[in-house]
Amino acid sequence: MLAPDQDSLKRTPLHDLHVSLGGKMVPFAGYDMPVQYPAGVLKEHLHTRTSAGLFDVSHMGQIALRPKSGKVEDAARALERLVPQDIVAIAPGRQRYAQFTNADGGILDDLMVANFGDHLFLVVNAACKAEDEAHLRAHLSDDCVIDSLADRALVAVQGPKAESALAKFCAEAPAMKFMDAGPHKVAGLDCFVSRSGYTGEDGFEISVPAADAERLAKTLLENPDVLPIGLGARDSLRLEAGLCLYGHDIDTATTPVEAALEWSVQKSRRIGGARAGGFPGAEKILAHFDQGAGRRRVGLRAEGRAPVREGALLFADATSAAPIGTVTSGGFGPSLNAPVAMGYVPTALGALGTSLFAEVRGQRLPLTVAAMPFVKNTYKR
């Protein structure tokens, strides 16, 4: 029954390498992707926290916004019509986290935006990349050439030994700071390198021509400090880091303020700022900044060792019939040796230390609203 679906899945340029390394392949965002390797999710997770892991994220979308005027600030101003972030202020060689928003203030997708000097470089989520590209073409084509970089792969090297692993092949890597981004040679290949990732660890993301992706990955994996890491550990790492997964923790019905992403919206785009508003859903999003939102994404720590999974209903006490929220991501945190989760609750119940309950297999399990990230990040500032 699964064969037709499996045959219809797309493959990244590293597919054959995953199979040769013993990767257990599963469908994800329309791609055949490794969920784990023989070492297993637990060991892959802990290895990334203590050494370095190599992730294939080639399923994600890479897009160049090239200003027709030749001035990158014109591309930045154009993109600000679609996101609530200050894109104009991104200096050459830097990148910023952003969100595409809709007319109701919800999040269409979250993305990274880098200033490469003469154009902007975007990385968007795999499940949304076709819609994101169409969104850009519909709204920015008068100002920008929208160039889908489908001929490029994307890999991430994450963990405390990521710098030393990459430095052997990219001399500039050690000097880069968190969120630096730009073209660099890696092992003699023309790459785009950013000091960023989605694990909470120091690390790098490397955009490489698809034809060279396997050679680069094999070169990096020759280092015994670097192990291949699958989607399972990628998910547990980002959960411990308190990072959102699109379609789960954020979606078209969630504003950046509800999602506790206020930090990503600079003052220049807020009420009283130099370029306040002007993005889809600005009225609602700015009202949330001004008056607060009715609900909020929070971290949750459970007592005991039973994980509280996505979809579990949240309650204010052990006996009330009406749920007050829902878990959007949850699982076991290997670094903490304890379960962790994220979910949405009424803002009045979102204070740190608030006691809540989750319904798991017909039982109410006690939870506490906890600070995120659950594991301290190690970004090189």
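The values are calculated or read from the model by the stated rules, or taken from the named source; none is laboratory data. Please read these numbers as outputs of a predicted model, since none were measured by experiment. Ideal geometry is used to build each Cβ from the backbone, glycine not excepted, and the neighbour counts take in all protein chains shown. What goes into the accessible areas is simple: the full protein's heavy atoms, side chains included, and nothing from ligands, DNA or RNA. Shrake-Rupley method; radii C 1.70, N 1.55, O 1.52, S 1.80 Å.
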**Report entry** Residue (of S329, G311, S355) at the positive-pole extreme of the stretch 294-381, dipole from beta-carbon charges
**Finding:** S329
Requested in this report: Only loop residues by DSSP count here, and only those with at most 16 other Cβ atoms within 10 Å; note down the GluC sites (Glu not before Pro) in the stretch 232-308 that meet that.
Outcome: E303
Query raised in the report: Using modelled backbone amide H atoms (1.01 Å from N, in-plane), which distant-in-sequence or interchain residues come within less than 5 Å of A153's amide H?
Result: V208, A210
**Report entry** Accessible surface, per residue, of the stretch 294-381 when the full set of protein chains is kept, probe 1.4 Å, Å²
**Finding:** 49 Å²
Query raised in the report: So what is the calculated 222 nm ellipticity per residue for the chain, using -39500 (n - 2.57) for each DSSP H run with n of 4 or more, over all residues, to the nearest 500 deg cm²/dmol?
Result: -5500 deg cm²/dmol
Report task. Please give every one of the aspartates and glutamates within straight-line cross-link reach of K161, meaning a C-alpha to C-alpha distance under 12 Å, and leave out same-chain neighbours fewer than 8 residues apart. Result -> E201, D202, D225
Query raised in the report: So which GluC sites (Glu not before Pro) in the stretch 156-222 are both in a DSSP loop and have at most 16 other Cβ atoms within 10 Å of their Cβ?
Result: E172, E222
Requested in this report: Give a quick list of trypsin sites (Lys or Arg not before Pro) in the stretch 252-321 that DSSP marks as loop, anything other than H, G, I, E or B, with at most 12 other Cβ atoms within 10 Å.
Outcome: R305
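Find out how many positive minus negative residues lie around A187, taking Lys and Arg as positive, Asp and Glu as negative, among other residues whose Cβ is under 11 Å from that of A187.
+1
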Query raised in the report: Carbon and sulfur atoms: what percent of the 1.4 Å accessible area of the chain do they account for?
Result: 54 percent
Requested in this report: Calculate one ³J(HN,Hα) per residue across the stretch 342-351 by plugging θ = phi - 60° into the Karplus curve 6.51 cos²θ - 1.76 cosθ + 1.60, and present them in order as whole Hz with x for glycine and proline.
Outcome: 10, x, 10, 9, x, 3, 5, 9, x, 5
Requested in this report: Quick one: which residues, 5 or more positions from G61 or on another chain, have an amide H under 5 Å from its amide H? H modelled 1.01 Å from N in the peptide plane, none for Pro or chain starts.
Outcome: V124, N125, A126
Report task. Using Cα centres only, tell me the gap between the stretch 260-320 and the stretch 61-117 in whole Å. Result -> 22 Å
